[in-house]
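The values are calculated or read from the model by the stated rules, or taken from the named source; none is laboratory data. None of these values were measured; they are calculated from a predicted model. When we count neighbours, we look across all protein chains shown, and the Cβ atoms used for this are built from the backbone with ideal geometry, even at glycine. Just the protein is used for accessible areas: all its heavy atoms, side chains included, with ligands, DNA and RNA removed. Shrake-Rupley method; radii C 1.70, N 1.55, O 1.52, S 1.80 Å.
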Amino acid sequence: MKKSGRRWWVWALILLISFGVLGSGYWLYYQSIEQAVYSTTFSFMEQIADHDHLNIVNQMDSKTEYLRVILDRIDASRDSRFEEVIYNLGVEARTTSFDTLYLITADGEVYSSSYLKSQFSDMPWAEEFERTDGNFVIRYDEDSREKWGEFLVYGVRLTTPVSAGEKEISGAVGLVPIAEIADQMRLESFDGQGIAVVMQKSGDIITASRQYSTPDNNFLTPLEHAQFRNNGSLESCLQAVEQGESLFVEYSLDNGAFYTLFQSLNHHAGNEWYLVVQVSTKVTEDQVKTLIFRSLPFFFVLGVLILFAASFLYHTTNAAKVARASEQAKSTFLANMSHEIRTPLNGIVGLQYLMRQSLDDPLKLNEYLKKAEVSAAFLQNVITDVLDMSKIESGQLEIYPKEMDLKRLIEEVHTLLENQVENKGLHFRIDVQGLEAPLVQGDALRIKQILTNLLGNAVKFTPEGGEISLTVRQELTGGVANTVFQVADTGCGMSQDFLQHIWKPFEQERRASSQNGTGWEPR
């Protein structure tokens, strides 16, 4: 009984220690996962904010710069009549994203691209125009009888007016629909659980995600009832906004918890806007729960053991399989390598016969010698490549691209096959009319091997009197010549069912008793 009781305590202690270790590991793992997901979420929020910030700044710059271009053109054409200037302004409005363009004269008149004349003091943006020394951008809601909608007002005020006929122009203003900013922003993210808001320094919303709204159209007002975490507070938010600083806070509001990133859009002192990216904390909570439930320590240890055993068995089995496949591939290749060697060798044998018949004709003899040199050089390259068995065993085939002449390559291929084609009484047609850029970068040897293999098969399996053809065409796209080589013959061909096997090494469809060779070899 004592021994049994002692054993029980030992097992209890072992279990207690095991559970303690597992519990500690679980807690540490949970903390690391939570921190990693939190950091990833924060980093992604910063990327969204930077993306939208850059788009908004670029849009402000482009619109303001366009207004300055308009004023520069007016200044450059001082002899133009003012009516022509207003007409050109209308054209500008119709061909750009500006809804309406205005020219402000030095004597307090405003002329629009819709050919309307107004008093400067009646314009809703007049006060902002007078206050600025250069550029400004403000939000403007139009609800008049002629027009309604939400707009951004871009304005440029000149320090020195420019002449436009009999008028002096002191600046230009353009209205752009506010939806244009929304189209360039990632206003919704994290599967609809994230939003982006562009607000003024006061908190008044300029544009926001469609799913976001507040009763008074102010982003900061609801935060008065928020419960902040991690030393955050409404005062810190207001202070950061007031001082133009970036801030990241976490708070609970209306039965939900959120991460919120404030980023200033104070661009060239032209506005006091803020970009706010808000994401529900449920995003990180769901990710943490998913990872934890899938990665409990017990299953993690068990998985490691299973993976280790499976990995060991896999590597052992795979190594044996690879060794057998390597030996089989090597044997198959060596047994069928005559196919690649036969084409240039047949060419050399045929040319030797022709040279004997032309010993008294130096011109023909010289021509045959040149053709024999081409075949011999190709045969040498093939044999050198075949003998390098390390490449075959490692499954690697090196490509050496360099400048080559496709027309010359086609001529050499024709030389290699010319004797066989004539001996068999075949019609060999080569069409290179679609070859627009013959000088390209590539491995001439590999291309020549492929073409001679394909054409060699065509010669072999095409009956006497038949026809084989090689067509080359190109499509030039952005400095790249997409080149297509098409080999056709009137031989036996292959069945539809065999097409799915053509990329297997040394695969052939046994449709003729005389058929042998290496078959299709993928390059």
Practice task
Would you mind calculating the gained length between ARG408 and GLU34 on full extension (0.36 nm times residue separation, minus the Cα-Cα distance), in nm to one decimal?
Solution key: 128.2 nm
Fill in the blank from the handout: Extension length gain for SER213 and ARG78 (0.36 nm per residue less Cα distance), in nm, is 43.7 nm
Exercise for the section: Apply 1/(1 + (r/R0)^6) to the Cβ-Cβ distance of ILE383 and GLN496, taking R0 = 56 Å, and write down the FRET efficiency to the nearest 0.05. Expected result: 0.95
Problem - Accessible surface of the stretch 453-494, 1.4 Å probe, proportion on carbon and sulfur as whole % - result: 51
Practice task
Please quote Rg/Rh for the stretch 213-264 to two decimal places, taking the Kirkwood radius as Rh and restricting both calculations to Cα atoms.
Solution key: 0.94
Exercise for the section: Quick one: accessible surface of ARG429, probe radius 1.4 Å, all protein chains present, in square angstrom to the nearest 10. Expected result: 110
Completion exercise
1/(1 + (r/R0)^6) with r = Cβ-Cβ of GLU109 and SER236, R0 = 60 Å, i.e. FRET efficiency to nearest 0.05, evaluates to 0.80
Fill in the blank from the handout: Violations at 30 Å Cα threshold for listed pairs LYS407/LYS460; LYS371/LYS424; LYS402/LYS424; LYS364/LYS448; LYS364/LYS424 -> LYS402/LYS424
Practice task
Determine the share of the stretch 409-450's accessible area contributed by carbon and sulfur atoms, expressed in whole percent, with a 1.4 angstrom probe.
Solution key: 48
Fill in the blank from the handout: Per-residue accessible area, 1.4 Å probe, largest first, puts ASP122, ASP52 in the order ASP122, ASP52
Practice task
Just grab the label-to-label distance for ALA320 and TYR400, each label 7 Å out from Cα along the Cβ direction, in nm (one decimal).
Solution key: 4.1
